[in-house]
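> I'd like to ask you about the structure that follows.
The values are calculated or read from the model by the stated rules, or taken from the named source; none is laboratory data. Quick caveat: nothing in here was measured; it's all calculated off a predicted structure. Here the Cβ positions follow ideal geometry from the backbone for every residue, glycine too, while neighbour counts run over all protein chains shown. Accessible surface areas use protein heavy atoms only, side chains included; no ligands, DNA or RNA. Shrake-Rupley method; radii C 1.70, N 1.55, O 1.52, S 1.80 Å.
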Amino acid sequence: MRPTESSTEAPAKPSTPNPADTPGPAETLPTLSAREAAGVVGDVLLPVLAGGVIVRRPRAMSLVERTGWDRRGVERVRALRERHGSGPLPLTVRGRSYAMVLDPEDARRVLLETPEPFSPATLEKCGSLAQFQPHGVLISGGEERTRRREFVEQVLETPRPLHDTAGRLTGVVREEAALLLAGAERSGQLLWEEFDAAWWRTVRRIVLGDAARDDATLTAQLGALRSAANWSLAGPRRRRLRSAFLSRVRSYVAHPEPGSLAERVARTPAPTGTDRTGQIPHWLFAYDAAGMATVRALALLATHPQPAARAYEEATTSDPDTPRELPFLRGCALESVRLWPTTPLILRESTAETGWEGGTLPAGTVFALYTPYLHRAEPATPYGDAFAPQQWTEETGRKARANPALVPFSSGPAGCPGENLVLFTVSTLLAALLERHAYSLASHPQLRASAPVPATLDHFSLRLRVHPSQEGRAP
Ligand code: HEM
């Protein structure tokens, strides 16, 4: 639905509506019946909350997968759109006003007009994230947000496909991948637990330096804080654990290792109040999502021979020890997050009344971008449920990049400032895993090239068979 004249910023959609094209009901903000609102709570909010917003819960993930709950959520929203138009669809849940954003142009507007009037620091997020990153940019407002965002972008080198530390990162990723593969060759398989342990060793080295490689305590502390954060405002405040965790992080910044992000933090100046070290917990937390994305991308490649051949070619045609952009493998990582978004609900809370074609929504409305719908249903046409890494690569005209519905890393002024760093890390790891090994899926028979990609992929139960391949030959 189009913003009205009274909306605060330039409208992102075409202006004058043609009455002949715009049926009556779409011109007013719809009202959901109590039954419809209950359906949204049951099929959209509950599976997201059950699966764990801040840290995934293995048993709940398995339940969501077995019951097809995520698919029901997408179908539920699709039906609402058919009935009521493209929204935003207002609904009230336990006294709080939400609006489901279903239209790609509305999604663009909400993300572009961040942080005013659409603030990323919603009450829900503040309640959760303060457990381990009380000064994180995502839950900061006003001047503080501006300063912290600037600092984060500087350290993460947001616009650059290859970070200044890419040389060291390539070495770290390849070393840890070699160790992981040595174990996988012995057992003939790759399980999530093994991957996860190797992934965290890699992440700690990238972010905090080699000295942190085996600091599993730090990850366990973060894990416990994230579990408490899953409960948002209802969770117990674990202040002692939080200060133990934060002082551990600070100790690495106090003795920074060359080439680590901690070193960049230590030597990048910032105004008082930025809390430079206080930005690191978010990076550690968010790298977890990148691990999930990697292993799921590997599962996609294990089941889709054509993209797998292309990925293998890209992985093996240039010097693997030199940092590379690897666009096709980046596309695979992006597809992994498009198909299984690690942020299924991107939330923004309005700081002022906002105008829409059919009416206004009051300040304090939480705008919810339900990415499983935006990434898979009509807004994601033509690829929807298919694995299509090529839609992210240059030669297809960056079609996916031009579609405001596809926001695996969000977008706009509060879009993920780590996207390039993540895509570099993930694609480098995928290349290392594919260079001399092929994979087939021993779990999840529902994931196959001839069927729509399933709505949920419980990564905890993924099992890949590992086949060493002859050097120089496609697996
Ligand atoms: C697959 C991995 C990742 C995905 C899919 C991802 C996605 C996202 C998304 C969707 C948001 C917006 C969240 C919201 O509005 O509520 C976000 C924000 C953010 N991400 Fe990432 N992220 C990933 C990894 C990372 C990593 C590794 C870093 C840092 C090294 C990072 C740094 C940030 C920061 C600092 C923000 C907050 C930005 C702000 O509020 O201005 N992310 N990310």
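> Beyond 17 Å, what percent of the Cα pairs of region 410-475 remain?
Every Cα pair in region 410-475 considered, those over 17 Å come to 64 percent.
> Would you mind estimating how fast the chain diffuses translationally, via Stokes-Einstein at 4 °C and 1.567 mPa s with the Kirkwood radius over Cα pairs, in µm²/s? All intermediate terms of the calculation are to be shown ahead of the outcome.
Values: Rh = 23.1 Å.
Taking Rh from Cα pairs, D becomes 56 µm²/s.
> Suppose only helical runs count, i.e. DSSP H with n ≥ 4. What mean residue ellipticity at 222 nm does that imply for the chain under -39500 (n - 2.57) per run, divided by all residues and rounded to the nearest 500 deg cm²/dmol? Walk me through the numbers before you get to the answer.
Details: 18 runs with 222 residues, N = 475.
Calculated from helices alone, the mean residue ellipticity at 222 nm is -14500 deg cm²/dmol.
> Could you check the simple spin-label distance between H255 and T146, using points 7 Å along Cα→Cβ, in nm with one decimal?
Modelled inter-label distance: 3.9 nm.
> So, one more: For the ranges 427-439, 361-373, 186-198, 301-313, what's the packing order if you count other beta-carbon atoms within 10 Å of each residue, average per peptide, and put the highest first?
Going from most to least packed, we get 427-439, 361-373, 301-313, 186-198.
> Tabulate in residue order the Karplus-calculated ³J(HN,Hα) for region 324-330, using 6.51 cos²θ - 1.76 cosθ + 1.60 with θ = phi - 60°, rounded to whole Hz; enter x for Gly and Pro.
Once rounded to whole Hz, the list reads 10, 7, 6, x, 5, 5, 4.
> Further question: List the trypsin sites (Lys or Arg not before Pro) in region 52-148 that DSSP assigns to loop (not H, G, I, E or B) and whose Cβ has at most 10 other Cβ atoms within 10 Å. Which are they?
R94
> Separate question: Taking H as built 1.01 Å from N, whose amide H comes closer than 5 Å to the amide H of L91, not counting residues under 5 places away?
Long-range HN contacts for L91: Y98, A99, M100.
> What's the FRET efficiency of S461 with R160 using the Cβ-Cβ distance as r and R₀ = 41 Å, to the nearest 0.05?
Efficiency, from the Cβ-Cβ distance: 0.70.
> Would you calculate the volume per residue, in Å³, of the smallest convex hull containing every Cα atom of region 341-475?
Taking only Cα atoms, region 341-475 has a hull volume of 161 Å³ per residue.
> Tell me, what ³J(HN,Hα) does each residue in region 237-242 have, in order and in whole Hz, if you take phi through Karplus 6.51 cos²θ - 1.76 cosθ + 1.60 with θ = phi - 60° and put x for Gly and Pro?
7, 10, 5, 5, 5, 4
> Could you work out the local net charge near L102, counting Lys and Arg as +1, Asp and Glu as -1, over the other residues with Cβ closer than 12 Å to its Cβ?
After counting each charged neighbour, the total is -1.
> Report, for the chain, the % of DSSP beta bridges that are antiparallel, rounded to 5.
On the way: 23 of 27 bridges.
Within the chain, antiparallel bridges account for around 85 percent of the total.
> So what is the relative contact order for region 24-468, in percent, with contacts set as C-alpha pairs under 8 Å and at least six apart?
Rounded, it is 25 percent for region 24-468.
> Here is a follow-up. If I stretch the segment between D214 and A442 completely, what's the gain in nm (0.36 nm per residue apart, minus their alpha carbon distance), one decimal?
So the extension gain works out to 79.1 nm.
> So, with a 1.4 angstrom probe, what is the percent of accessible area on the chain that is carbon and sulfur?
Ligands and nucleic acids excluded, carbon and sulfur give 54 percent.
> So what J values fall out for region 342-347 if you push phi through Karplus, 6.51 cos²θ - 1.76 cosθ + 1.60 with θ = phi - 60°, rounded to Hz, Gly and Pro as x?
Per residue, the Karplus-derived 3J(HN,Hα) values read 7, 10, x, 10, 8, 10 Hz.
> A further question on this structure: Any chance you could check the Cα centroid distance between region 172-237 and region 245-264 for me, in angstrom?
17 Å
> Gain in length, R239 to Q306, computed as 0.36 nm per residue apart minus the alpha-carbon separation, to one decimal in nm?
Gain on extension, R239 to Q306, equals 19.1 nm.
> Under 5 Å between amide H atoms, partner at least 5 residues away or on a different chain: which partners does G359 have, H built in plane at 1.01 Å?
L29
> To the nearest Å, what is the center-to-center distance of region 356-421 and region 125-154, using C-alpha atoms only?
Between the Cα centres of region 356-421 and region 125-154 lies a distance of 23 Å.
> Given H placed 1.01 Å from N in the peptide plane, which residues other than close sequence neighbours of Q189 have an amide H under 5 Å from its amide H?
Correct list: V466.
> Which whole-number value in Å² is the accessible area per residue of region 366-466, probe 1.4 Å?
Heavy-atom accessible area per residue stands at 32 Å².
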